[in-house]
Amino acid sequence: MNSGFNIFEEKYYPDKVFKTKIGIIELLKIVKHEETLPYEFVVTGLDALLFYANEPEKIARYINDLLGNKANFLTRKQYIVQVLIKGQLEVVEGNDRPRLHYKNKEFLLYKVFGRVKQIGSKHFLAPLNLWS
């Protein structure tokens, strides 16, 4: 895995999932306060957070802003972050803007991570500095 946000469907890469898991809300708290993170870890719950949010676009923008503002903190240690998706990732317009289908809703990952690079059919990579 590369340093950055490795976004992938859990069912396609179950043998590559790191042992240390952190929920999305906990990750946002840690990053906001620049607390210690493990070098490599899994983030869970992004799809559920967007699904259950009253305003998912506002949540996506908040996450993007926070991660973008904390880019120096994240890039300092070149973390390898796995973002586990329980829904489905689908390329519709271009492979740099996949969509997330979770339950009966659809979300643009671009709103959270910006443009991504497609690594595999169900694996995408966003840099730790989202705004670079």
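Could you list, in sequence order, the residues of segment 63-80 that are of a type outside the set (S, T, N, Q), in contact (Cβ under 8 Å) with a residue 12 or more places away in the chain, assigned to a helix (DSSP H, G or I) and open to solvent by 40 Å² or more (accessible area, probe 1.4 Å)?
From segment 63-80, those of a type outside the set (S, T, N, Q) are 63, 65-68, 70-71, 73-74, 76-77, 79-80; that's our starting set.
Pick out the ones that are also in contact (Cβ under 8 Å) with a residue 12 or more places away in the chain and you get 63, 66-68, 70-71, 73-74, 77, 79-80.
Subsequent filtering for residues that are assigned to a helix (DSSP H, G or I) retains 63, 66-68, 71, 73-74, 77.
If the condition is that a residue be of a type outside the set (S, T, N, Q), in contact (Cβ under 8 Å) with a residue 12 or more places away in the chain, assigned to a helix (DSSP H, G or I) and open to solvent by 40 Å² or more (accessible area, probe 1.4 Å), then Lys77 is the only one that fits.
Search segment 81-96 for residues being open to solvent by 50 Å² or more (accessible area, probe 1.4 Å), over 13 Å from the mean Cα position of the chain (by Cα) and not acidic (Asp, Glu), and hand back the single one that is modelled with the highest pLDDT. Spell out how you get there, then give the answer.
Here is the first cut: in segment 81-96, the ones open to solvent by 50 Å² or more (accessible area, probe 1.4 Å) are 86, 88, 90-93, 95.
Checking which are over 13 Å from the mean Cα position of the chain (by Cα) leaves us with 88, 90-93, 95.
When the remaining residues are screened for being not acidic (Asp, Glu), the result is 88, 91-92, 95.
Values: Gln88: 94, Val91: 90, Val92: 80, Asn95: 81.
The selected residue is Gln88.
What number of residues in segment 118-132 are open to solvent by 80 Å² or more (accessible area, probe 1.4 Å) and not hydroxyl-bearing (Ser, Thr, Tyr)?
Residues of segment 118-132 open to solvent by 80 Å² or more (accessible area, probe 1.4 Å): 121, 131-132.
Subset that is not hydroxyl-bearing (Ser, Thr, Tyr): 131.
Qualifying residue count for the region: 1.
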What's the total number of residues in segment 97-117 that are within 14 Å of the chain's Cα centre (by Cα), open to solvent by 60 Å² or more (accessible area, probe 1.4 Å) and either over 23 Å from Ile22 (Cα atoms) or basic (Lys, Arg) (or both)? 4
Can you report the number of residues in segment 22-47 which are touching a helix residue (DSSP H, G or I) at 6+ places or on another chain (Cβ under 8 Å), aliphatic (A, V, I, L, M) and more than 15 Å from Leu67 (Cα to Cα)? 1
Single unsatisfied condition, Phe18 versus (1) open to solvent by 70 Å² or more (accessible area, probe 1.4 Å); (2) assigned to a loop (DSSP other than H, G, I, E, B); (3) not β-branched (Val, Ile, Thr): (1)
Could you please find all residues in segment 32-69 being under 15 Å from Tyr102 (Cα atoms) and of a type in the set (Val, Ile, Thr)? Thr44
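The values are calculated or read from the model by the stated rules, or taken from the named source; none is laboratory data. Not measured: the values here are computed from a predicted model. Glycine also receives a Cβ, built like all others from the backbone with ideal geometry; neighbour counts cover every protein chain displayed. With ligands, DNA and RNA removed, areas are computed over all heavy atoms of the protein, side chains included. Shrake-Rupley method; radii C 1.70, N 1.55, O 1.52, S 1.80 Å.
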